[in-house]
Amino acid sequence: MREERLLLRSRSFFARPFFHFSVTVRIFTHFLFTLVLAGLASVTVQAAPTARATLVEAMLAETDARKIELISSLAGEADPVIEPVLKAWREDALFLYEPAEGAARIPILLVGEKDADDARAAQRVDTDAPLLDAAGKPLRLVSGDLTAVEHTSALRRAMKAVVDLLEVTSPDRKKRLQAVQTIGFGQDLTQLTGLQKRLKLEADPVVLRALREAIAVTRLKEPGSEGKLAVLAELKALHSLSSYDLIRTAMREAEAAGDAPVAEAAKSALWSIDNHKANVNFVGTLFRGLSLGSILLIVAIGLAITFGLMGVINMAHGEMIAVGAYTTYVVENVFGSGVTLPFFGFSLAIPGMNTTGALYQSYFLFALPLSFVAAALVGIGLERSIIRFLYRRPLESLLATWGVSLLLQQGLKLMFGSNNVQVSSPSYLSGNWTVNDIIFGWNRVFVIIFAGLIVFGVGLILTKTPLGLLIRSVMQNRAMASCMGVRTERVNMLTFGLGSGLAGLAGAFISQIGNVGPSLGQNYIVDCFMTVVVGGVGNLAGTIYSALGIGLVDQSLQQILLNPVLGKILVLGAIILFLQWRPSGLFVTRSRNLDD
């Protein structure tokens, strides 16, 4: 046994080197095989013609059919050399240079200025390098001595198709998207190959969807039923709103031709798109109603303080909105190139800082606090000069503030002119998010978020700060608060300033949605009073629910009735009926004051 083990051990000892050698040979073989494959792949990649080589081959092709085939193969390519070369070809600026009789012709361009002999520098199209003579010196040639590269109308159409598709390869996403939509809804079947080629290269999901839609819409022009059935199924899956009319046209054509399957497929696609459109309109209406309710909330929360808490019917509250909006307009122009105002007949030039870029775009962030301060100062001035003499005299305060409202409107006209002015939105409020065909404007999203922050901030001020405690004490029982040492006049002034400042903030937001004019506040003052009354006078929570509810109902009725005026009338009628049922509004404010 011992001898057998020694024998086996000796065999394994001698077999191990051979085993290692065999493994090494196998690895080396795999390595060589991999290198060969890689080499073949690299040769294959190198053998793929570039756009420049394809263009040169097309120029030297003998037949127009071959030229068109080569040029059409460039559709969807993103090489920047394509457009200038094709443009030069169409403008007879490409020439064929023959170095010697019988030698291969070289496509060239003549570049630079002409010299005294009317010659220009020659540049090779295949290498983009200067054309050299036998001595290695750059050649200068006269165009009249050369043969221009010919082109026909069919060739020019092929070139145009390729150039049109170049926008589809633009690095700018917006340009790419617009080009795809333009080409697609042109329904030109000659562009189909380029669109399909680009579909394999596109990575952006939005542009990719637009490409699918454009290809499907273009293929609606194809003859035969099978292709149209597949295309209609694609458009149905995409819920393509923009292709609705084209599908309807295809359905009518199919019905006229007696093609029942295509007509049924088109009807099915239209039904699916109609359902999708209804869902988009529903969610869009909710969003617009929420944004309108947020604007109403910002405006009405200031009125809820002056009217609900202080009991002052301030008809000039709308002009505080206009003051905030005009402050935003002035700040924007100060950050820009300045503005000249017709200031009471005197031309007042306000110089601008001529800022650009991010600093200019930040003007709105500075305009927000300035709008609040400007409107608050006007409100404090109004309270100190008129309102403080009219507390507990609602009729007189109503008439007095109505007069002030007219004066402020006229003053704004004299300061800024009668025409509306436009405030440019900063870039971060100008765009939108499109989710499943529902457009969410950034300015409206911003208003919704900021309205929430304002409500939160006002709630903190009224409930968590000494100023809020003083405001609530004065509003609940002015005489008792005065006996306790509270300086009620100062509290009244600050409270009125806070309410007016909030209206100024609302004006800053409204300036991002529409134009600014002297009577801007009149569009909102009635809605604000309705919001405060429906919510319950003096109740901030009621104001929030009321603003959002009125905004949603108003937008829904406008969407359903397709008539804003009729929708507004119905809202007013509904509010009147509601107040007949609940005169104190949604939430009744309880008080121990015997006067309430």
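The values are calculated or read from the model by the stated rules, or taken from the named source; none is laboratory data. Quantities reported herein were computed from a predicted structural model and do not represent experimental measurements. When we count neighbours, we look across all protein chains shown, and the Cβ atoms used for this are built from the backbone with ideal geometry, even at glycine. Heavy atoms of the whole protein, side chains included, go into the accessibility calculation; ligands, DNA and RNA do not. Shrake-Rupley method; radii C 1.70, N 1.55, O 1.52, S 1.80 Å.
Structural remarks
- Meets criteria (under 39 Å from the mean Cα position of the chain (by Cα), open to solvent by 50 Å² or more (accessible area, probe 1.4 Å) and at pLDDT below 85) for residue 533: no
- Residue 557, sole failed condition from (1) closer than 25 Å to residue 504 by Cα; (2) crowded, with 20+ Cβ neighbours inside 10 Å; (3) not polar (S, T, N, Q): (1)
- Criterion: of a type in the set (Lys, Arg), open to solvent by less than 70 Å² (accessible area, probe 1.4 Å) and under 23 Å from residue 154 (Cα atoms) - qualifying residue of 87, 67: 67
- The set of residues in the stretch 356-392 being more than 16 Å from residue 303 (Cα to Cα) and part of a loop (DSSP other than H, G, I, E, B) consists of 356, 362, 386, 390, 392.
- Restricting the first member to the stretch 345-368 and to residues that are modelled with pLDDT under 85, and the second to residues that are among the hydroxyl-bearing types (Ser, Thr, Tyr), the beta-carbon pairs closer than 6 Å and six or more apart or on different chains are 347/340.
- From the options 334, 339, 323, 330, residue that is within 30 Å of residue 430 (Cα to Cα), in contact (Cβ under 8 Å) with a residue 60 or more places away in the chain and either open to solvent by 10 Å² or more (accessible area, probe 1.4 Å) or aliphatic (A, V, I, L, M) (or both): 323
- Index of the failed condition, residue 410 passing every other in (1) in a helix (DSSP H, G or I); (2) open to solvent by 60 Å² or more (accessible area, probe 1.4 Å); (3) among the polar types (S, T, N, Q); (4) at pLDDT below 90: (4)
- Taken as a whole, the structure places residue 241 among residues that are hydrophobic (A, V, I, L, M, F, W, C), touching a residue at least 40 places away in the same chain (Cβ under 8 Å) and farther than 30 Å from residue 68 by Cβ.
- Residue check, residue 395 outside any strand (DSSP E or B), open to solvent by 70 Å² or more (accessible area, probe 1.4 Å), in contact (Cβ under 8 Å) with a residue 60 or more places away in the chain and over 28 Å from residue 358 (Cβ atoms): no
- The stretch 413-433 - residue that is touching a residue at least 60 places away in the same chain (Cβ under 8 Å) and open to solvent by 80 Å² or more (accessible area, probe 1.4 Å) and, of those, nearest to residue 356 (Cα to Cα): 428
- Test for residue 125: is it in contact (Cβ under 8 Å) with a residue 60 or more places away in the chain and either at positive phi or not charged (D, E, K, R) (or both): yes
- Residue tally, condition assigned to a strand (DSSP E or B) and among the aromatic types (Phe, Trp, Tyr), over the stretch 318-350: 2
- Residue among 337, 347, 371 that alone is in contact with a strand residue (DSSP E or B) (Cβ under 6 Å, 6 or more places away or on another chain) and small (Gly, Ala, Ser): 347
- Out of 57, 62, 101, sole residue that is more than 43 Å from the chain's Cα centre (by Cα), at pLDDT 75 or above and outside any helix (DSSP H, G or I): 62
- For first residues located in the stretch 138-160 and within 16 Å of residue 108 (Cα to Cα), partners that are open to solvent by 90 Å² or more (accessible area, probe 1.4 Å) and basic (Lys, Arg) and lie 6+ apart or on another chain with Cβ distances below 9 Å form the pairs 142/114; 147/105.
- Of the helices (runs of 4 or more DSSP H) that lie entirely inside the stretch 456-524, those containing 2 or more residues that are touching a residue at least 12 places away in the same chain (Cβ under 8 Å) and within 16 Å of residue 371 (Cα to Cα) span 488-510.
- Contact annotation: residue pairs with Cβ atoms under 8 Å, 6 or more positions apart or on different chains, pairing a residue in the stretch 374-386 that is without any contact (Cβ under 8 Å) to a residue 40 or more places away in the chain with a partner that is among the hydroxyl-bearing types (Ser, Thr, Tyr), are 386/401.
- Candidates 82, 68, 108, filtered to the one that is among the β-branched types (Val, Ile, Thr) and more than 30 Å from residue 184 (Cβ to Cβ): 108
- Of the residues making up the stretch 104-135, just one is open to solvent by less than 30 Å² (accessible area, probe 1.4 Å), assigned to a loop (DSSP other than H, G, I, E, B) and more than 22 Å from residue 50 (Cβ to Cβ), namely 119.
- In a residue-by-residue description of the stretch 431-445, the property of being aromatic (Phe, Trp, Tyr) and more than 21 Å from residue 298 (Cα to Cα) applies to at least one position.
- Residue match in the stretch 440-453 (condition: charged (D, E, K, R), buried (at least 19 other Cβ atoms within 10 Å of the Cβ) and modelled with pLDDT of 85 or more): yes
- Of all residues in the stretch 468-490, those that are closer than 18 Å to residue 301 by Cα and either open to solvent by less than 60 Å² (accessible area, probe 1.4 Å) or small (Gly, Ala, Ser) (or both) total 3.
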